[in-house]
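To start, the structure under review is shown below, and the notes come after it.
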Amino acid sequence: MGVLRMGYIHIRVTDLDAAKKHYIDTLGFAPTLEVGRTVYLKGWDEWDHHSVVLEEGGVGVKKFGFKVESPDDIDIIENRARVFGVKTERMSRGDNPEVSEGLRITLPSTHVVEVYYEQTFVGNAVGSVNPESFPRHLAGIGAPRIDHALMVAEDVNANEKFFMDVMDFYQVERLVPDLDHTECSLATWLSVGNRGHDIAILGGPAGTDGKIHHFAFQLYGWSEVLRASDIMSMDDVQLDVGPTRHGITRGQTTYFFDPAGNRNEVFSDGYVAYRDRPTTLWTVDQLGKGIFYHKRQLNEEYTTVFT
Ligand SMILES: [Fe+2]
């Protein structure tokens, strides 16, 4: 069974033109398709047709897409999801432009996850034969790809169990009340490959099921995170926190908001994770240091603004 990665995140934005300016001109993603008031975007170092979908109307996440290796994986995940007890339905090729048939699953937290095995191959911006290191004329930050997302769930353990039992994710880091209650996840960081996390889940109060805290774009190194933050300031992007470092995942980060109020992150480095690693535990009394390693304090917005 092979889940490859989070292949796309489909979000809602209040004003598509403002969102395009943010994701295309500032972040440097390229549009590959526009249908009505929905636009499909990819990063320059991604091969498939799109990884970010912006749909006008509201705010927050509509669905996540996870790419698997083969059609057989769809059947395996469908069977496991039924055993787990979540709602599933088959999706047809073309339900999402340029995406194969697959499976649509509603998580315990009400988030919608789509699993598919194929998306139209577009190729990255430097090609696969004798490629240059990067395209010379990238817009804005020029983020190469999406990295991960942090979803909010009232029952973290249920979602965590879903990703581990049904989708073969493994646990990398976990926030627990204290060392006497290490099976109780207040938040969790899960990986399916060698990233420190592909999906993280944060516990939220009643009414936060189905929301996201943020989704992230990958960068390489501290200087790129600093340069990205400079460009955000040039473009009057609303900054949240950073540049700084996370204790959890060791990533280098800046948080900011798109014009609709969805929180984004540029994320660099962290460490390489392996399936046979132990889970790193953080006790909740050290959460400030875990999230913002230098300041060791959370700002109120960080823990209360979800979309
Ligand atoms: Fe993140």
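The values are calculated or read from the model by the stated rules, or taken from the named source; none is laboratory data. All values derive from a computational prediction rather than experimental measurement. Note that we place each Cβ from the backbone using ideal geometry, even for glycine, and neighbour counts take in every protein chain shown. The accessibility values were calculated without ligands, DNA or RNA, using every heavy atom of the protein model including side chains. Shrake-Rupley method; radii C 1.70, N 1.55, O 1.52, S 1.80 Å.
With the structure loaded, tell me whether Tyr293 is of a type outside the set (S, T, N, Q), over 24 Å from Leu179 (Cβ atoms) and within 16 Å of the ligand (Cβ to nearest atom) or whether it fails that test. Spelling it out, it is not the case that Tyr293 is of a type outside the set (S, T, N, Q), over 24 Å from Leu179 (Cβ atoms) and within 16 Å of the ligand (Cβ to nearest atom). In segment 179-211, of all residues being of a type in the set (Asp, Glu) and at pLDDT 95 or above, the one that is least open to solvent (accessible area, probe 1.4 Å) corresponds to Asp198.
Scanning segment 9-37 for residues that are part of a strand (DSSP E or B) and open to solvent by less than 20 Å² (accessible area, probe 1.4 Å) gives Ile9, His10, Ile11, Val13.
Conditions (1) more than 18 Å from the chain's Cα centre (by Cα); (2) among the aliphatic types (A, V, I, L, M); (3) more than 12 Å from the ligand (Cβ to nearest atom); (4) assigned by TED's automatic domain parsing to the domain that holds Asp198, marked per residue:
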position: Asp258; (1), (2), (3), (4): no, no, yes, yes
position: Gly261; (1), (2), (3), (4): no, no, yes, yes
position: Ser268; (1), (2), (3), (4): no, no, no, yes
position: Arg277; (1), (2), (3), (4): yes, no, yes, yes
position: Trp282; (1), (2), (3), (4): yes, no, yes, yes
position: Leu287; (1), (2), (3), (4): yes, yes, yes, yes
